[in-house]
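Comments concern the structure below.
The values are calculated or read from the model by the stated rules, or taken from the named source; none is laboratory data. Remember, predicted model here, so these are calculated numbers, not experimental data. Ideal geometry is used to build each Cβ from the backbone, glycine not excepted, and the neighbour counts take in all protein chains shown.
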Amino acid sequence: MQVECAPPPQLLPSALQVAPEHIYARVFARMRPQAPLPSVHVQFRRYANANAQIRLDQGILMVRMADTLASAPEVVLEALAEILLAKLFRQPVPAACNQRYRSYLNQREVRRSLTLVRQIRGRKRVLHPRGQYFNIEEMFVELNFRYFNGLLAQPILGWSVQTSRTLLGHYDVSHNAIVLNRKLDQANAPRLAVEYVLFHEMLHLRHPAEHTGARRRVHTKEFKAAEKQFDRLLEAQALLRQIG
């Protein structure tokens, strides 16, 4: 059954905003009209990201969310409640609720606030850029002059602490850090493949993500066009598929 997102409730003055416990109770009653209403407990935690979790156990609905969401409008908190409860009951997440919540997180001031919180609270644990087989720092300098005329400011560079099956590298905008999967620092890893992964992450420095409404576009048209300038691109991509 497709669940519809409830229309935004009437906005009240900030001093009279509905308590989050009442919001979750209201949404629960709407989604489970025949079920007994549980006791609702909402806790705001000092998370480094806009995280939120929900759990129902022995008649208690426990919600934990980042304190950065404490000042969010009631319509946003209700949308988040719809999302979390839909996942809890294994129902489709209402598209309108997801749109409403993502649009709020993508607002410029909210993104700026979340970035600052991640910088203050989050820790970026990386290994030294000089790995056992490849030196990311030296590789960055070479690629910078080859493709960017040496104009890219060097961010934090390092190998990941843990290996990942799916993520070969990432650029963390909050900490201005490029991290490559230590899985690539192997004797049998082709240098061309490692260079391509690093080049891809360097492009995120040159072509930041674009935000429009609830949509976040990481690989823009400019990004994709610039990526095609990488020498032996198809060969590098084929090597990465072999690495998995």
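Consider region 21-37. How many of its residues are of a type outside the set (A, V, I, L, M, F, W, C) and farther than 18 Å from L77 by Cβ? Before the answer, list the steps.
As a first pass, look at region 21-37 and keep what is of a type outside the set (A, V, I, L, M, F, W, C): 21-22, 24, 26, 30, 32-34, 36.
Filter once more, so that each one left must be farther than 18 Å from L77 by Cβ: 32-34, 36.
Residues meeting the conditions: 4.
Collect the residues in region 43-57 that are of a type in the set (K, R) and within 9 Å of D67 (Cα to Cα), keeping them in residue-number order.
Of all residues in region 43-57, those of a type in the set (K, R) come to 45-46, 55.
Hits for region 43-57 are R45, R46.
Residues are listed down the side, and each one gets a yes or a no for (1) under 20 Å from L61 (Cα atoms); (2) modelled with pLDDT under 95; (3) exposed (fewer than 15 other Cβ atoms within 10 Å of the Cβ); (4) of a type in the set (S, T, Y):
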{"site": "R100", "(1), (2), (3), (4)": "no, yes, no, no"}
{"site": "L105", "(1), (2), (3), (4)": "no, yes, no, no"}
{"site": "S113", "(1), (2), (3), (4)": "no, yes, yes, yes"}
{"site": "I120", "(1), (2), (3), (4)": "no, yes, yes, no"}
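Scanning for something among the β-branched types (V, I, T), part of a strand (DSSP E or B) and in contact (Cβ under 8 Å) with a residue 40 or more places away in the chain, does region 57-67 turn up at least one residue? So that I can check it myself, show each step before the final result.
Narrowing region 57-67 to residues among the β-branched types (V, I, T): 60, 63.
Okay, now just the ones that are also part of a strand (DSSP E or B), so 60, 63.
Pick out the ones that are also in contact (Cβ under 8 Å) with a residue 40 or more places away in the chain and you get 63.
Yes, region 57-67 contains at least one residue that is among the β-branched types (V, I, T), part of a strand (DSSP E or B) and in contact (Cβ under 8 Å) with a residue 40 or more places away in the chain.
Quick one: which residue in R102, R118 is within 23 Å of Y171 (Cα to Cα), in contact with a Ser or Thr (Cβ under 9 Å, 6 or more places away or on another chain) and among the basic types (K, R)? It would help to see each step written out before you state the result.
Details: R102 fails: in contact with a Ser or Thr (Cβ under 9 Å, 6 or more places away or on another chain).
Matching residue, one of R102, R118: R118.
Could you check region 53-71 and list, in sequence order, the residues that are surrounded by fewer than 20 Cβ atoms within 10 Å (Cβ to Cβ), hydrophobic (A, V, I, L, M, F, W, C) and closer than 26 Å to S113 by Cβ? Give the derivation first.
First, the residues of region 53-71 that are surrounded by fewer than 20 Cβ atoms within 10 Å (Cβ to Cβ): 53-60, 62, 64, 66-67, 70-71.
Next, only the ones that are hydrophobic (A, V, I, L, M, F, W, C) stay: 54, 56, 60, 62, 66, 70.
Hits for region 53-71 are I54, M62, A66, A70.
Conditions first: (1) without any contact (Cβ under 8 Å) to a residue 24 or more places away in the chain; (2) within 20 Å of the chain's Cα centre (by Cα). S71 passes all but one, so which condition is the exception?
Only one criterion in (1) without any contact (Cβ under 8 Å) to a residue 24 or more places away in the chain; (2) within 20 Å of the chain's Cα centre (by Cα) is unmet by S71, namely (2).
For region 126-137, indicate whether the set of residues that are among the hydrophobic types (A, V, I, L, M, F, W, C), surrounded by 16 or more Cβ atoms within 10 Å (Cβ to Cβ), closer than 30 Å to K183 by Cβ and at pLDDT 95 or above is non-empty.
Yes, the conditions are met somewhere in region 126-137.
So, restricting to strands (runs of 3 or more DSSP E) that lie completely within region 149-244, which ones have at least 2 residues that are surrounded by 14 or more Cβ atoms within 10 Å (Cβ to Cβ) and touching a residue at least 40 places away in the same chain (Cβ under 8 Å)?
Working: elements: 156-160, 169-172, 177-180, 210-212, 215-217.
Strands (runs of 3 or more DSSP E) meeting the threshold: 177-180.
If you scan region 127-147, which residues turn out to be aromatic (F, W, Y), in a helix (DSSP H, G or I) and over 27 Å from the mean Cα position of the chain (by Cα)?
F145, Y147
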